1. Looking at (1) modelled with pLDDT under 90; (2) out of contact with any helix residue (DSSP H, G or I) (no Cβ under 8 Å at 6 or more places or on another chain); (3) on the phi > 0 side of the Ramachandran plot, which is the only condition residue 246 fails?
2. Can you go through 376, 352, 363, 372 and tell me which one is in contact with a strand residue (DSSP E or B) (Cβ under 6 Å, 6 or more places away or on another chain), in contact (Cβ under 8 Å) with a residue 60 or more places away in the chain and within 26 Å of residue 185 (Cα to Cα)?
3. I want to confirm something. Restricting to region 1-41 and keeping residues that are touching a helix residue (DSSP H, G or I) at 6+ places or on another chain (Cβ under 8 Å) and assigned to a loop (DSSP other than H, G, I, E, B), which single residue is modelled with the lowest pLDDT?
4. Taking region 176-187, which residues are part of a loop (DSSP other than H, G, I, E, B) and either in contact with a helix residue (DSSP H, G or I) (Cβ under 9 Å, 6 or more places away or on another chain) or assigned by TED's automatic domain parsing to the domain that holds residue 274 (or both)?
5. Picking from 157, 171, which residue would you name as being farther than 30 Å from residue 134 by Cβ and either free of Cβ contacts under 8 Å to residues at least 24 places away in the same chain or part of a loop (DSSP other than H, G, I, E, B) (or both)?
6. Tally the residues that are in a loop (DSSP other than H, G, I, E, B), in contact (Cβ under 8 Å) with a residue 60 or more places away in the chain and farther than 30 Å from residue 163 by Cβ, restricting the search to region 188-209.
7. Conditions first: (1) within 34 Å of the chain's Cα centre (by Cα); (2) modelled with pLDDT of 90 or more; (3) assigned by TED's automatic domain parsing to the domain that holds residue 142. Residue 432 passes all but one, so which condition is the exception?
8. Determine, yes or no, whether residue 306 is within 25 Å of the chain's Cα centre (by Cα) and either assigned by TED's automatic domain parsing to the domain that holds residue 158 or on the phi < 0 side of the Ramachandran plot (or both).
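The values are calculated or read from the model by the stated rules, or taken from the named source; none is laboratory data. Since we're looking at a predicted model, the values are computed, not measured. With ideal geometry, Cβ positions are generated from the backbone for all residues, glycine too; neighbour counts draw on all protein chains shown.
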C-alpha cells in the first residue's frame, strides 16, 4: 500500500498504520486528520519512479523512525524531516530556542503572541477597524528565527528589546511582577495607541429619512453648549477635537408625524478621553443608507497593572515604576529597563529565555542578529550557547552574561553578579484602564432587585458561594448579613393595611394601585 501511495496510485493523504499489538493494519482516508510531509529515504531509482515526499499522520508516525537531519539517518531510519523548524506552527516558530523550554510555556506563548500589540499592516493608519491596538515604537527582535524571516515578522514587529536585569528588588517584583524604569517609559517603551470606531447611521423611513442637524451655537445653557463644542456644522464630530465623557459626537433630525425630532449620540460616560482621529462617510449597500464612521485615538503609556510577556510564556504585570536614579546600574553605566524576579526560572524551566538574553547581548556587542530556530543547532539555524558566550568574552563581557552592579540608592556594590541583557518583550492588550472597576451605589435589576452584573453595566462585585462559606466559617455573622442582605437585597414597597397585598404609588398622579389577586 505504501508503494502504491509513493507511485501516486493511492491518494497522498491516505494513512497506512500497523498496530502490532492487535495484529491489524489500519488504512485511514477520512478528513480532519493532521498530516505532515517528510522526505522518504529511498535510492535514486526509487526517487525517480516514486514520490519524493510523503505525508504522515499521527498513527503512521508511530511506525516511522524519523531523523531530524540527513547526517543522523541510520539503516533503520524510514523518513527525514524536510526542515525541523516546520514541526512547529507560525506562533510557536516565533519563539527563540523553544526546544530548551518546558512545552506548556511554548503553548502559553502561542496564545499570548496573538494578544501582543505591534504593527498589523503597512496601511494600519488608514483602516477603520472596530478596535485596534498599535505599538508606537515596534522593534525587530535581536534574536531571530527562520520562521520570523519567512513570515515577515521582522518587518512588522510586535514587541521591543528591553534590557532586563534578573534580580530581586524592593519586593515589588514578587509573583512575576515587573519593576519598570520611568526613564525608559518616558523614551517610549511600551507606549501604545488604542483606536476605536464609533458608528452612526442615517436611516430611511416611509415618511422620509434622517437629515443632518446643525448644532445650536447660541444655546444659553453652558453645560449643553460645552458638550456639543466638538461638533462641526453638519452635526458630526470634527477631526482633531478631544472627545470627553458625555460629549455629543453625532446629531441628526428624525422625521415624525409632527415636528422633526432631534436625536444625538453621546460618548460613553465611563470611557477615557480620546482624540477624534478621522471621520468617514460611506453608503450601506444592504439598506442603501448613509453611514458615519468616527475613529477615536488614545495614546497610553504603561502604568502599574499593565500586562507584559516575553516570548517564553513568562507573563507578568507591572509592579511599580521607579526613577532611573534609584535603580541599580552596571560598572559600564547601563541601567536596566525592566527588573525581573529570578524565582520565575526554576519551576518554569524556560531555558530558552536565558539563552535569548545571552544571544541578544552577544548580538548587541558584535553588531549582528543571532539565530535561535527550533532544533537548529546542527544545521546552523541556531547558535550554540558556547559560541554566544565566546562572543561575549571577545567583547569584554563575562562568559555567563553576568555584570558587576552598584546600588542606585547607596552607590555601594551589590553582593552578587547580576544576569543582565536584552530580551524581546511584548505588551499585551490587557491594560488596567480597561479592567478596573469599583462601585458603591448603582443600578439594580427589575426582577430580583439585586445589583446588576458586569463592568459595562456598573454592576456590583459578587460574593459567591465560596466567599460566603469563608465568612460563615470565620463566624462573621454581621458581615455576612450586611453583605448578603443589607448591601444587596432590601427594597421598599407599599403594602395594603387591610389585605396585606403589595401595591405601588404613582407619585406624579398620586394614584394608589393595589395588585388584586385573580379569582379562579
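1. (2)
2. Numbers: 376 fails: within 26 Å of residue 185 (Cα to Cα); 352 fails: within 26 Å of residue 185 (Cα to Cα); 372 fails: within 26 Å of residue 185 (Cα to Cα).
Only one candidate passes the filter, namely 363.
3. 7
4. Of the residues in region 176-187, the ones part of a loop (DSSP other than H, G, I, E, B) are 176-177, 187.
Correct list: 176 only.
5. Numbers: 157 fails: farther than 30 Å from residue 134 by Cβ.
Within the list 157, 171, the selection yields 171.
6. Step one: filter region 188-209 for residues in a loop (DSSP other than H, G, I, E, B), giving 188-191, 203, 205-208.
Filter once more, so that each one left must be in contact (Cβ under 8 Å) with a residue 60 or more places away in the chain: 189-191, 203.
This time we only want the ones that are farther than 30 Å from residue 163 by Cβ, so: 203.
Of the residues in that region, 1 qualify.
7. So the condition that residue 432 fails would be (3).
8. Details: within 25 Å of the chain's Cα centre (by Cα): yes; either assigned by TED's automatic domain parsing to the domain that holds residue 158 or on the phi < 0 side of the Ramachandran plot (or both): yes.
Yes, satisfied.
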